[in-house]
Amino acid sequence: MPAFIIRALTPADSDWVSQVMISEWSGEMVVAHGEIFYPAILPGFAAFVDAEPVGLLTYNIAGDECEIITLNSWRENLGVGTALISTARRVADQAGCSRLLLVTTNNNLHALQFYKKRGFVISSVRENAISGSRKLKPQIPLLDNDGQPISDEIEMEIWLK
């Protein structure tokens with residue numbers, strides 16, 4: 001299994017992050033709990049095997065909360081996603097945050113299982129929140145690739161203190 005390295009994003013990574021968002025997230029913005037985020041200008045981390053990117057995480061710190069805004073891993077079962085979350089958790093601890101959180105959607109069962117295995121618990125479910133998100137980002141589809149409705153936001157958290 002090839003080893004990977006994780007490094008902090010720099011301003012020079014902004015165009016690459018924008019390209020990832022367009023390719024993987026249907027646009028440069030992400031909407032969660034009624035807020036718009038632009039990952040290309042957020043802090044974050046990238047994982048690489050040699051010079052090839054294999055993962056990306058962006059986050060936002062507000063008050064004493066650190067929210068993971070995006071997480072992408074392009075190599076399954078290598079530990080990239082887990083390592084990126086661990087790195088974000090360390091940053092959150094160092095920043096004095098009391099909570100690490102993220103938002104996913106009701107249809108994303110793979111993500112729900114992945115996050116639960118890493119210690120996240122469901123803290124709230126916002127039914128039909130995605131209809132409001134679509135007003136801000138119309139590119140959000142009604143159905144996922146398996147034909148499942150995308151309707152609810154599921155917030156997950158880890159308490160740090």
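The values are calculated or read from the model by the stated rules, or taken from the named source; none is laboratory data. Everything numeric in this text was worked out from a predicted model, so none of it was measured. Ideal geometry is used to build each Cβ from the backbone, glycine not excepted, and the neighbour counts take in all protein chains shown.
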If ASP93 satisfies every condition in (1) at negative phi; (2) without any contact (Cβ under 8 Å) to a residue 40 or more places away in the chain; (3) out of contact with any Phe, Trp or Tyr (no Cβ under 7 Å at 6 or more places or on another chain) but one, which is the exception?
(2)
Is one or more of the residues making up the range 68-87 closer than 27 Å to GLU127 by Cβ and polar (S, T, N, Q)?
yes
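Can you name every residue in the range 68-93 that is modelled with pLDDT under 95, of a type outside the set (S, T, N, Q) and either in contact with a helix residue (DSSP H, G or I) (Cβ under 7 Å, 6 or more places away or on another chain) or surrounded by fewer than 18 Cβ atoms within 10 Å (Cβ to Cβ) (or both)?
Within the range 68-93, ARG75, GLU76 meet the criteria.
List the strands (runs of 3 or more DSSP E) that sit entirely inside the range 1-48 and contain at least 2 residues that are among the aliphatic types (A, V, I, L, M) and crowded, with 16+ Cβ neighbours inside 10 Å. Steps first, answer last, please.
On the way: elements: 5-8, 30-32, 35-37.
Filter on the range 1-48 gives 30-32.
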Which one of the conditions (1) under 19 Å from VAL30 (Cβ atoms); (2) surrounded by 15 or more Cβ atoms within 10 Å (Cβ to Cβ) does ALA62 fail to meet, given that it meets all the rest?
(2)
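Which one is farthest from the chain's Cα centre (by Cα) among residues in the range 110-135 that are among the hydrophobic types (A, V, I, L, M, F, W, C) and loosely packed, with under 13 Cβ neighbours inside 10 Å? Steps first, answer last, please.
At the first step, the residues of the range 110-135 found to be among the hydrophobic types (A, V, I, L, M, F, W, C) are 111-112, 114, 120-122, 125, 129-130.
Okay, now just the ones that are also loosely packed, with under 13 Cβ neighbours inside 10 Å, so 121, 125.
Numbers: VAL121: 15, VAL125: 17 Å.
Here the answer is VAL125.
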